[in-house]
Amino acid sequence: MIITMNKFKIMRKTRIILFSVLLALVIVSSCKKDDPINEAEVLVDYLESNITPNPVSFLPAYIDAAGLQAANVLDQVYIIDVRSAIDYAAGHIENAVNVPVLPDIIDHVEATDLSGYDKIAVACYTGQSAAWATALLRLLGYDNAYSLKFGMSGWHPDFDKWTTNTGNTYFASFETTANAKGTEGDYPEISTGFESGADILDARVDAIVAEDFGAAAITASTVFANLSNYYIVNYWPEAQYLSPGHVPGAINYIPGESFTTATNLKTLPTDKTIVVYCYTGQTSAFMAAYLRLLGYDAKSLKFGANGMIYDNMPASKWVPLTQGYDYVTSK
């Protein structure tokens, strides 16, 4: 799926070392230019040129508990557990390495020899923050990175943080009327001081990682408290957007297609917070990471439709586990 991305893993460290010097030189140079580049456009073109068929279809990348267990038994997967050190010690997947500070995950992966593994798996509590981190890893060229679907909640019932976050509070408010997309506009403004897509990507990933997942997440209660504050994206197939319906005012964007230059990327506003919601908050976390990378103020609606219309879910309904896979503890 990646044509040239893997080589950036090697080049990235060199670019980071030279970042300060290059940035100063570029800033001085750019002051002399009459037509500064649109960095977001350069970044989009770079990603869409190097990822086939496109970045948004490439990003939602999951591994389920059964697949992870099978790969772990064969020592084919490097597992990163991003939960707190306390929760990791209380129980984790055998062989998993704890990286409890989520922004440290990029540095950890770059500093680790992963050549002996077929896959990288990122595990969190519910699969949402892991999806955000996995999106950034994949965009950096780690196209063998996957998020553990439903997180540790999907591994063993002892770790279930999903069940208490499902509900039907907002089903009565859902509507079935289609809403039009915004008119096409400009790309967001981002300013890294670089001109090449590869360098802009590195700088933007560093900025998004530093924000942590909290900057990319929002709750349903916050959104419903003032719906007009947000440009709300329903990230489902159109048929399900119309039935069982959608958040009032939400606009339908087709998964794997809509956030590209050839489709509807530029219909997203640059002056309003974009809230993306899916079924579980996991795919929307992937998308929020990508859109924030491009400069949009995008957020993922936590727990997705499972947290709003659980009994009327059209797909990907959370089912509490009655049994799971073994785990280990540590002192």
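Please treat every number below as a calculation from the coordinates, not as lab data. Since the structure is predicted, the reported quantities are computational estimates derived from the model, not experimental observations. Neighbour counts are summed over all protein chains in view; Cβ atoms, including those assigned to glycine, are modelled from backbone coordinates with ideal geometry.
Pairs meeting the criteria (first residue in region 280-293 and in a helix (DSSP H, G or I), second residue basic (Lys, Arg), beta carbons under 8 Å, at least 6 apart or on different chains) are Ala288/Lys299; Leu293/Arg204. Within region 317-329, residues that are touching a residue at least 24 places away in the same chain (Cβ under 8 Å) reach partners that are part of a loop (DSSP other than H, G, I, E, B) and among the charged types (D, E, K, R) with beta carbons closer than 8 Å, at six or more positions or on different chains, in the pairs Pro320/Asp160; Leu321/Asp160; Asp326/Glu94; Tyr327/Glu94; Val328/Glu94.
Would you check if Leu293 is within 19 Å of Ile51 (Cα to Cα), of a type in the set (A, V, I, L, M) and buried (at least 24 other Cβ atoms within 10 Å of the Cβ)? For Leu293, the condition - within 19 Å of Ile51 (Cα to Cα), of a type in the set (A, V, I, L, M) and buried (at least 24 other Cβ atoms within 10 Å of the Cβ) - is met.
Collect the residues in region 277-325 that are of a type in the set (A, V, I, L, M) and under 11 Å from the mean Cα position of the chain (by Cα), keeping them in residue-number order.
Listed by number, the residues that qualify are Ala285, Met287, Ala288, Ala289, Leu291, Leu293, Ala298.
Among the residues of region 154-179, those that are in contact (Cβ under 8 Å) with a residue 40 or more places away in the chain, outside any loop (DSSP other than H, G, I, E, B) and of a type in the set (Gly, Ala, Ser) comprise Gly154, Ser173.
Annotation note: of Val73, Val82, Val77, Val56, the sole residue that is without any contact (Cβ under 8 Å) to a residue 24 or more places away in the chain and β-branched (Val, Ile, Thr) is Val73.
Please go through region 218-260 and pick out each residue that is among the small types (Gly, Ala, Ser) and buried (at least 19 other Cβ atoms within 10 Å of the Cβ). If the condition is that a residue be among the small types (Gly, Ala, Ser) and buried (at least 19 other Cβ atoms within 10 Å of the Cβ), then Ala220, Gly245, Ala250, Ser258 are the ones that fit. For Ala305, state whether it is out of contact with any helix residue (DSSP H, G or I) (no Cβ under 7 Å at 6 or more places or on another chain) and buried (at least 22 other Cβ atoms within 10 Å of the Cβ). So Ala305 fits the description; yes. With respect to the numbered conditions (1) part of a helix (DSSP H, G or I); (2) closer than 30 Å to Asp104 by Cα, which one is the sole condition not fulfilled by Gln240? Every condition holds for Gln240 apart from (2).
Looking at Ala225, Ala250, Ala210, Ala217, just one residue is touching a strand residue (DSSP E or B) at 6+ places or on another chain (Cβ under 7 Å) and more than 23 Å from Lys181 (Cβ to Cβ), and that residue is Ala217. Checking the structure you have, find out if any residue of region 193-212 is part of a loop (DSSP other than H, G, I, E, B) and buried (at least 20 other Cβ atoms within 10 Å of the Cβ). The answer is yes, given that some residue of region 193-212 is part of a loop (DSSP other than H, G, I, E, B) and buried (at least 20 other Cβ atoms within 10 Å of the Cβ).
Yes or no: Thr267 over 19 Å from Asn179 (Cα atoms), touching a residue at least 60 places away in the same chain (Cβ under 8 Å) and more than 14 Å from the chain's Cα centre (by Cα)? No.
Scanning region 55-83 for residues that are part of a loop (DSSP other than H, G, I, E, B) and surrounded by 18 or more Cβ atoms within 10 Å (Cβ to Cβ) returns Leu59, Pro60, Ala61, Val82, Arg83.
For region 84-105, the set of residues classified as out of contact with any helix residue (DSSP H, G or I) (no Cβ under 7 Å at 6 or more places or on another chain) and closer than 15 Å to Trp132 by Cβ consists of Val101, Asp104, listed by residue number.
Across region 121-177, which residue is surrounded by the fewest Cβ atoms within 10 Å (Cβ to Cβ) among those that are within 30 Å of Leu47 (Cβ to Cβ) and among the charged types (D, E, K, R)? So the residue we want is Asp143.
Counting only residues that are over 15 Å from Arg292 (Cβ atoms) and of a type outside the set (Gly, Ala, Ser), region 189-201 holds 3 of them.
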